[in-house]
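The values are calculated or read from the model by the stated rules, or taken from the named source; none is laboratory data. Just so it is clear, the structure is predicted and the values come from calculations on it, not from any experiment. Cβ: placed from backbone, ideal geometry, glycine included. Neighbour counts: every protein chain shown.
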Amino acid sequence: MHIDLRDLNLFSLIAETKSLTRAAERNHLSLPAVSARIKDLETEAGVRLLYRAPRGVALTPAGQSLLRHARTILSEIEHMKSELQRYGEGVQGSIRVFANTTAVTEFMPEVLATFLAAHQKVDVDLQERPTAEIIRGVLDGMTDLGITSGPIAADGLEVHTFSSDRLVLAVAPGHPLAPAAAVRFSDVIDHDYIGLHEGSTLQQFVDQLMQNARRRLHIRVQVSNFESVCRMVEAGVGVGIVPESAALRHRRTMKILIKQLDEDWALRERHVLARRGEALPSYTQALIDSIMNHPGHAASRARSRKRGAH
């Protein structure tokens, strides 16, 4: 099957405008030319892509599938153009990193501030992704590195474990769970909960815990970051599960209590993932080293060893 990038652009524009006429105008083509190109595209694909009606067009299921792929391909093309332009401006390298919520919000800003200051001609594209997409992205070559937490079960990966963190429950001082020294997840389900946005790795993990328990949390509010979770907890809106590193930091400025979660899954190791056998550029290896040697990670390893001694 041969599909031209110009046809993908045209098809995406038709899907956006829901009109062959408007797509033709914006592409500076005649309506017959657009109709002919879409007919050729349908012939090449072997399926019908559009439903035609007097007031416009709609995508068939096959057309919806093509649109998803087209947008991915066109986005990658734009990313490639931007990256090549940066090389033309003197950039020596670019690193794409897929990372979970904790990495993006908690420690990668500090890691990248130090790394980029020492590597002036290297760019980093940091994207928050769910764990499954991170692993798949590394294996498929969509990203150079991945940063995850928790068990990793996938062949073809080099796994560099650099620190550990514990999930804890943040509660307000007057909350019914405040007197408890530690809580189980089953205790949390009975109370209003502050969740993260749907795309967050931690929220997906909590959603899976709910499925396993065959019960649902009452998610009162969903917010975009751990600071907002802690602020909502402080205001008495509900409780929230956050990494201990975030809870300790926000406890300095907020009236929240930290409750240990008496669950095996609460203690999580953090990993940097790379594709096994891949010859990494020196600057990519340097970023791995920066993550591994970040001072905050040494502190988390020390806390983990201290708990283990008890």
**Asked** Does Ser94 qualify as being surrounded by fewer than 19 Cβ atoms within 10 Å (Cβ to Cβ) and within 30 Å of Ile3 (Cβ to Cβ)?
**Response** no
**Asked** Considering only region 149-203, how many residues are in the same structural domain as Gly240 (by TED's automatic domain parsing) and part of a loop (DSSP other than H, G, I, E, B)?
**Response** 18
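Do we find a residue being part of a strand (DSSP E or B), under 30 Å from Pro295 (Cβ atoms) and among the hydrophobic types (A, V, I, L, M, F, W, C) anywhere in region 214-228?
So in region 214-228, the residues part of a strand (DSSP E or B) come out as 218-223.
Adding the requirement that they be under 30 Å from Pro295 (Cβ atoms) leaves 223.
This time we only want the ones that are among the hydrophobic types (A, V, I, L, M, F, W, C), so: 223.
Yes, there is a match, as at least one residue in region 214-228 is part of a strand (DSSP E or B), under 30 Å from Pro295 (Cβ atoms) and among the hydrophobic types (A, V, I, L, M, F, W, C).
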**Asked** Can you tell which of Arg96, Arg48 is among the basic types (Lys, Arg), assigned by TED's automatic domain parsing to the domain that holds Lys18 and at pLDDT 90 or above?
**Response** Arg48
**Request:** Confirm whether Arg129 is among the charged types (D, E, K, R), under 19 Å from Pro295 (Cα atoms) and in contact with a helix residue (DSSP H, G or I) (Cβ under 9 Å, 6 or more places away or on another chain).
**Result:** no
**Prompt:** In region 104-117, is there at least one residue being out of contact with any helix residue (DSSP H, G or I) (no Cβ under 8 Å at 6 or more places or on another chain), among the aromatic types (Phe, Trp, Tyr) and either closer than 21 Å to Ser224 by Cα or not in a strand (DSSP E or B) (or both)?
**Reply:** no
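Across region 213-229, what is the number of residues that are surrounded by 16 or more Cβ atoms within 10 Å (Cβ to Cβ) and either free of Cβ contacts under 8 Å to residues at least 12 places away in the same chain or of a type in the set (S, T, N, Q) (or both)? Spell out the reasoning first.
Of region 213-229, the ones surrounded by 16 or more Cβ atoms within 10 Å (Cβ to Cβ) are 217, 219, 222-223, 225-229.
From what is left, the residues that are either free of Cβ contacts under 8 Å to residues at least 12 places away in the same chain or of a type in the set (S, T, N, Q) (or both) are 222, 225, 228.
Final tally of qualifying residues: 3.
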**Prompt:** Based on what the data block shows, is Leu112 modelled with pLDDT of 90 or more, surrounded by 14 or more Cβ atoms within 10 Å (Cβ to Cβ) and closer than 28 Å to Ile3 by Cβ?
**Reply:** no
